[in-house]
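Quick notes on the structure that follows.
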Amino acid sequence: MMKTKNILLAVAFMACGIGAAAQDVTILHMKDGTTKRYTNGVKEKTSIEFYEYVANENSESAPPSTFSDIGYRTVWNLGEVWKIKGEYVVGIGWEDRIPSNFAPHHGVILGTEPGLTVDNCKEKGYVTSPSEYSKLYIIIGAAMYPKMSLFFMEGQNNWLITANDTIANRIVTSLEKGKTYYYRIFAEGKVSEGGKEKDVVFYGDEHSFRVPRVMEDFGYYSQPKGTKEAVEAFAAAHFPDSVSIPTWQQMEPLWNKWRATDEGKCIDLSADITSETFDDGTGYRLNRIPDEFYTWMANREIVIDPFNRVDINKIWDPSYRDSVYLATCDSVTDVDAKWGVPGGKYTRFLPTTATTNYRVTYRSNEAVPGVRYKLQFNFAPETDADADSVSLRPTKVRISASSGSHSGTNADVLTLNPETGEKSQIIVPATEATSFVVDSYLMDGFGADLIFDMRTSNVEIRKGTYNRIMRIAEIRLTPIKDE
């Protein structure tokens with residue numbers, strides 16, 4: 001920061017209880033040739049203090065950083081940075097080091113060109129609501145949180161300023177992305193010169209910061225992704241109004257799989273992709289999603305690996321003071337073909353309590369809304385040659401599905417009594433491979449939870465007719481083609 005070599009003089013008269021009758025006279029010879037004469041009387045004395053002005057410095061020992069979605073890091077020469085509804089907002093903090101004798105009025109000037117003064121700047125803001133401990137701040141930007149905190153560090157000292165007022169200490173201006181801004185701390189004060197009071201401006205050093213121009217702020221990505229407009233047009237062409245429209249984030253894993261296929265590789269998208277250069281690299285947009293992608297994903301069979309379970313429910317255990325799973329699971333691989341287990345593997349679920357049923361949830365993230373599927377749930381037999389008679393008992397399971405949700409709530413029960421239509425369960429033997437098939441299930445949202453509820457009662461356990469062991473093999477979702 002620029003420093004002045006002028007010595008600033010402050011003279012104050014203070015009443016005191018001095019009993020001696022001092023007759024001295026204090027005479028100051030000023031540099032401009034004028035003199036100032038102060039008489040020391042019985043009840044008066046003259047106090048003189050000299051100040052060498054040292055410019056205020058913005059507290060920047062730990063400048064903040066911001067990151068883009070691909071990890072691009074931007075360091076700001078400021079006290080604090082926020083991003084509010086896509087707009088950048090910055091905070092400047094400093095300590096008041098100007099003596100009160102000069103009646104300073106503090107502020108910050110801002111511009112897009114260097115060489116700032118209070119008369120040559122784009123924006124100027126004053127500190128109208130000083131914080132405690134002579135710590136000052138100004139917030140620059142168009143947006144605002146109801147409460148904003150600025151953290152400052154200077155050597156071993158640090159402090160926190162909380163801005164609760166959305167009006168005070170502000171320069172309301174939109175910071176343009178990709179532009180460099182200059183700022184400077186100043187204080188307007190008063191000094192005595194030539195026997196007259198004069199207005200002066202104290203300046204701190206000029207600093208600058210650049211608002212980054214990164215691809216995420218403009219809807220571009222490090223690889224082509226569908227724009228909001230492209231997704232909306234794709235959805236309008238292929239999904240009925242009765243289903244939840246998928247987002248690009250939901251479709252992207254399938255998109256990447258399709259683009260890796262021979263068919264996907266043959267589709268020329270060069271005319272549908274735009275690109276632009278940003279601080280964090282080249283960004284891309286996919287402006288049209290081809291119809292061939294929908295045809296592929298709506299007609300592919302989905303196979304869920306039995307090892308890829310999503311969840312086993314828990315119960316509170318006061319002895320552990322924590323929630324514990326109601327079942328454990330074992331992965332069984334390389335199942336002999338004689339057992340007829342699809343995929344040659346299954347997961348064995350064993351209860352952890354003697355009296356409580358459990359729930360296991362699998363998820364398909366690739367089920368397409370508006371498509372009807374045949375659902376096939378495969379169960380494996382017990383393949384352990386050393387299994388005891390209890391393990392070889394059958395079990396009772398209720399199966400349900402929740403389309404478009406990870407929660408499993410409000411699920412459609414698939415195991416219904418064909419005569420009454422009421423919720424029911426299926427009996428799953430432990431001695432042979434079995435399948436339960438739902439001929440038609442319409443997905444009304446992207447993806448589906450497939451839920452297995454153990455339904456064996458404690459009475460059935462005590463009678464020795466059933467157990468609570470499930471052996472789940474692969475699950476298939478096969479699209480039903482229109483006639």
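Y137 - would you say it is modelled with pLDDT under 90, of a type in the set (F, W, Y) and open to solvent by 60 Å² or more (accessible area, probe 1.4 Å)? Here the answer is no, as Y137 does not meet what is asked. The residues in segment 366-393 that are small (G, A, S) and open to solvent by less than 10 Å² (accessible area, probe 1.4 Å) can be counted, and the count is 2. Filtered by the rule that a residue be modelled with pLDDT of 90 or more and open to solvent by 80 Å² or more (accessible area, probe 1.4 Å), segment 413-445 gives I427, T431, E432, D439. Do we find a residue being among the β-branched types (V, I, T) and touching a helix residue (DSSP H, G or I) at 6+ places or on another chain (Cβ under 9 Å) anywhere in segment 362-374? The answer is yes; a qualifying residue exists.
Kindly indicate whether any position in segment 300-311 is modelled with pLDDT of 95 or more, part of a helix (DSSP H, G or I) and either in contact with a helix residue (DSSP H, G or I) (Cβ under 6 Å, 6 or more places away or on another chain) or surrounded by 12 or more Cβ atoms within 10 Å (Cβ to Cβ) (or both). So far as segment 300-311 goes, no, none of its residues is modelled with pLDDT of 95 or more, part of a helix (DSSP H, G or I) and either in contact with a helix residue (DSSP H, G or I) (Cβ under 6 Å, 6 or more places away or on another chain) or surrounded by 12 or more Cβ atoms within 10 Å (Cβ to Cβ) (or both). One residue stands out in segment 141-172 among those that are open to solvent by less than 30 Å² (accessible area, probe 1.4 Å) and closer than 16 Å to I84 by Cβ: the one that is modelled with the lowest pLDDT, namely A163. Scanning segment 274-288 for residues that are without any contact (Cβ under 8 Å) to a residue 60 or more places away in the chain and surrounded by 14 or more Cβ atoms within 10 Å (Cβ to Cβ) yields a single hit, R288.
When segment 80-119 is limited to residues that are modelled with pLDDT under 90 and of a type in the set (G, A, S), the one that is farthest from V201 (Cα to Cα) turns out to be G86.
Go through segment 79-121 residue by residue and tally those that are part of a loop (DSSP other than H, G, I, E, B) and in contact with a Gly (Cβ under 7 Å, 6 or more places away or on another chain).
Quick first cut of segment 79-121, residues part of a loop (DSSP other than H, G, I, E, B) only: 79, 85-86, 96-99, 103-104, 112-116, 118-119, 121.
Imposing the further condition that a residue be in contact with a Gly (Cβ under 7 Å, 6 or more places away or on another chain) reduces the set to 79, 98, 103-104, 121.
Qualifying residue count for the region: 5.
The residues in segment 394-412 that are open to solvent by 30 Å² or more (accessible area, probe 1.4 Å), at pLDDT 85 or above and not basic (K, R) can be counted, and the count is 2.
Scanning segment 176-190 for residues that are closer than 27 Å to K36 by Cα and surrounded by fewer than 17 Cβ atoms within 10 Å (Cβ to Cβ) yields E188, K190. Go through the residues of segment 248-259 one by one and say whether even a single one is open to solvent by 40 Å² or more (accessible area, probe 1.4 Å) and outside any helix (DSSP H, G or I). No, that holds for no residue. Would you confirm whether or not segment 232-240 contains a residue that is under 30 Å from M148 (Cβ atoms) and modelled with pLDDT under 95? The answer is no, given that none of the residues of segment 232-240 is under 30 Å from M148 (Cβ atoms) and modelled with pLDDT under 95. Of all residue pairs spaced 6 or more apart or on separate chains, those with beta-carbon atoms under 6 Å, a first member in segment 71-92 that is buried (at least 19 other Cβ atoms within 10 Å of the Cβ) and a second member that is acidic (D, E) are G91/E80.
Here is the figure for segment 342-365: residues that are under 30 Å from S242 (Cβ atoms) and either part of a helix (DSSP H, G or I) or open to solvent by 50 Å² or more (accessible area, probe 1.4 Å) (or both) total 2. Checked against (1) surrounded by 13 or more Cβ atoms within 10 Å (Cβ to Cβ); (2) over 18 Å from V81 (Cα atoms); (3) modelled with pLDDT under 90, K122 meets all criteria but (3).
Among the residues of segment 446-483, those identified as surrounded by fewer than 18 Cβ atoms within 10 Å (Cβ to Cβ) and either basic (K, R) or part of a loop (DSSP other than H, G, I, E, B) (or both) are S457, R462, K463, G464, T465, I480, K481, D482, E483. Checking each residue in segment 272-297 for being within 27 Å of S68 (Cα to Cα) and in a helix (DSSP H, G or I) picks out only D272. The single residue among F234, F209, F202, F239 that is under 30 Å from I84 (Cα atoms), buried (at least 16 other Cβ atoms within 10 Å of the Cβ) and not β-branched (V, I, T) turns out to be F209. Of everything in segment 312-341, what is open to solvent by 40 Å² or more (accessible area, probe 1.4 Å) and in contact (Cβ under 8 Å) with a residue 60 or more places away in the chain? Give them in sequence order. Within segment 312-341, W339, G340 qualify. The single residue among R300, R285, R321, R259 that is in contact with a strand residue (DSSP E or B) (Cβ under 6 Å, 6 or more places away or on another chain) and among the basic types (K, R) turns out to be R285.
The values are calculated or read from the model by the stated rules, or taken from the named source; none is laboratory data. Worth saying up front: this structure is predicted, and the values here are computed from it rather than measured. Glycine gets a Cβ as well: all are built from the backbone with ideal geometry, and neighbour counts include every protein chain shown. These area figures cover heavy atoms from the full protein model, side chains too; ligands, DNA and RNA do not enter into them. Shrake-Rupley method; radii C 1.70, N 1.55, O 1.52, S 1.80 Å.
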